[in-house]
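Right, one structure below, let's go through it.
The values are calculated or read from the model by the stated rules, or taken from the named source; none is laboratory data. Here the structure is a predicted model, which means the values were calculated and not measured. Glycine gets a Cβ as well: all are built from the backbone with ideal geometry, and neighbour counts include every protein chain shown.
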Amino acid sequence: MATAKPDHPVVLFLAWLPRHVTVNALKCDKAGTRYMVMPIAKFCPVVAVLWPQEAAKRFLDWSETAKLPGRPNPASDDAIMGEWIRNQQETVFVACPSIVEHPDRVESVIGRRQEVWGEDKGRTVANFIGDRDIDWSGGT
C-alpha cells in the first residue's frame, strides 16, 4: 500500500459510517478495486491510517493554525481529519476491504456507553479482509 499510494494517506479501517462512504467501498471491493478516494464527509475514520511522511507533515502544519472542530478541546480526531480533507482539498484513499478490525471493546475517550461495546456499527469494521489474499499494488 505504501508503494501504491506513496503521497497520500490510506484509511485501513472503515466502519458502517459514514454510510455513503461504506456503500461505495463495498462496491469497489466487489468490483476488485482496491482503493477509492475518500469522498468529502463530516469525518474520516482514523482508527488506522497509513501516513506517508510528507502527508503527515502537511496535516501537522495545517493543524497548527486551523480552526479545529471542537476547539478549545477537540475530541473527535475523525472530525479533524475530515476538516483537513475539506479545507486543504487533500486526497485520502480508503483500502477496499479494511485490513484492520476495531472490535470497540476498550473504554471510549469520548464517553461511549460500555453496554454498546462491539455493537455500534459506526465503530466496528464494515468489510474486513479476513483471510483473503489481495494484491494491493493496483491503482485506484
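Things worth noting here:
- Residue within the stretch 52-68 that is touching a helix residue (DSSP H, G or I) at 6+ places or on another chain (Cβ under 6 Å) and within 17 Å of VAL100 (Cβ to Cβ) present: no
- Residues of the stretch 8-31 that turn out to be under 22 Å from SER137 (Cα atoms) and free of Cβ contacts under 8 Å to residues at least 60 places away in the same chain, as a count: 4
- Count - residues of the stretch 49-89 that are touching a Leu at 6+ places or on another chain (Cβ under 8 Å) and at pLDDT 95 or above: 2
- Selection from the stretch 6-43 of residues that are farther than 20 Å from ASP78 by Cβ and not hydroxyl-bearing (Ser, Thr, Tyr): PRO6, ASP7, LYS27, CYS28, ASP29, LYS30, ALA31, GLY32, ARG34
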